[in-house]
Ligand SMILES: Nc1ncnc2c1ncn2[C@@H]1O[C@H](COP(=O)(O)OP(=O)(O)O)[C@@H](O)[C@H]1O
Ligand SMILES: [Mg+2]
């Protein structure tokens, strides 16, 4: 069995003729929580888009669960079991919590499986269960982020990519979101998380990668990166 769930191999990609990613390589093994950190504009979100098929790599290779998915369309990638929570906690504001979650299950045909997924999400986020009839647009930022994560879980993914899950949230909700991410890991999910809160992310993570200017800069166990003076000086404010 291939223990590497996600493998990004020397990927180059960009939005114009310029390469934003100039050779990025990342591996996430089964059950790991891996963080991708680095300064603003380093290309972290672009890596996730290139994995998800929202941006086509110009070179390199993306593998998910042993299958070469390089250049696949996003919906096909999702159907394979890779979920994505984009930056900015995007929810359908005029739809209820439950309707938002049901929308997330677009790859799941059997109604019974949708119900099971829904109950799992509600068990993980009791706050969403309490608010299942509430319009998503009327909830706080933290609740909307829970909903965005919950919606991604509705496909019953094997792995999940999270882009800046704590960004812009009140401290209490940041704590809660990080707690839930750790819980997802203990439930056996494989996670790759982009975070501006590098210290917090690395504390929770098995391993981390530091990107700079579209390239790998440092990598290692979360705790080792956290304690590395070069990383601290560059990204954690010394
Ligand atoms: N849609 C886009 N069109 C053109 N350039 C973009 C687009 N999105 C991001 N970029 C550029 O790509 C670079 C990397 O961006 P991004 O991956 O969002 O960085 P990060 O997530 O690490 O902050 C930046 O220089 C940014 O301006
Ligand atoms: Mg980003």
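General remarks:
- Residue match in region 111-125 (condition: farther than 16 Å from residue 176 by Cα and in a loop (DSSP other than H, G, I, E, B)): no
- Residue in region 149-157 that is within 18 Å of the chain's Cα centre (by Cα) and more than 14 Å from residue 83 (Cα to Cα) present: no
- Residues located in region 126-164, provided they are assigned to a helix (DSSP H, G or I) and either touching a strand residue (DSSP E or B) at 6+ places or on another chain (Cβ under 9 Å) or within 16 Å of ligand 1 (Cβ to nearest atom) (or both): 136, 145, 148, 149, 151, 152, 153
- Leading residue by the ranking (nearest to ligand 1 (Cβ to nearest atom)) among those in region 23-40 that are part of a loop (DSSP other than H, G, I, E, B) and more than 12 Å from residue 194 (Cα to Cα): 32
- Among (1) at pLDDT below 95; (2) more than 16 Å from ligand 2 (Cβ to nearest atom); (3) under 17 Å from the mean Cα position of the chain (by Cα), the one test that residue 30 misses: (1)
Conditions tested, residue by residue: (1) surrounded by 17 or more Cβ atoms within 10 Å (Cβ to Cβ); (2) over 19 Å from residue 29 (Cβ atoms); (3) modelled with pLDDT under 95.
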position	(1), (2), (3)
177	yes, yes, no
190	yes, no, no
212	no, yes, yes
227	no, yes, yes
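- Test result for residue 67, closer than 18 Å to residue 196 by Cα and at pLDDT 95 or above: no
- Count - residues of region 25-47 that are farther than 18 Å from residue 191 by Cβ and either free of Cβ contacts under 8 Å to residues at least 40 places away in the same chain or buried (at least 21 other Cβ atoms within 10 Å of the Cβ) (or both): 4
- Restricting region 89-110 to residues that are assigned to a loop (DSSP other than H, G, I, E, B) and touching a strand residue (DSSP E or B) at 6+ places or on another chain (Cβ under 8 Å), the residue that is surrounded by the most Cβ atoms within 10 Å (Cβ to Cβ): 95
- The number of residues in region 1-23 that are surrounded by fewer than 20 Cβ atoms within 10 Å (Cβ to Cβ), touching a residue at least 24 places away in the same chain (Cβ under 8 Å) and farther than 18 Å from residue 71 by Cβ comes to 4.
- Candidates 16, 46, filtered to the one that is within 11 Å of ligand 1 (Cβ to nearest atom) and either assigned to a strand (DSSP E or B) or more than 19 Å from the chain's Cα centre (by Cα) (or both): 16
- Test: residue in region 118-129 that is over 24 Å from residue 168 (Cα atoms) and surrounded by 14 or more Cβ atoms within 10 Å (Cβ to Cβ): yes
- Exactly one residue out of 14, 43 is under 11 Å from residue 211 (Cβ atoms) and within 16 Å of ligand 2 (Cβ to nearest atom): that is 43.
The values are calculated or read from the model by the stated rules, or taken from the named source; none is laboratory data. The structure displayed is predicted, hence computed values, not measured ones. When we count neighbours, we look across all protein chains shown, and the Cβ atoms used for this are built from the backbone with ideal geometry, even at glycine.
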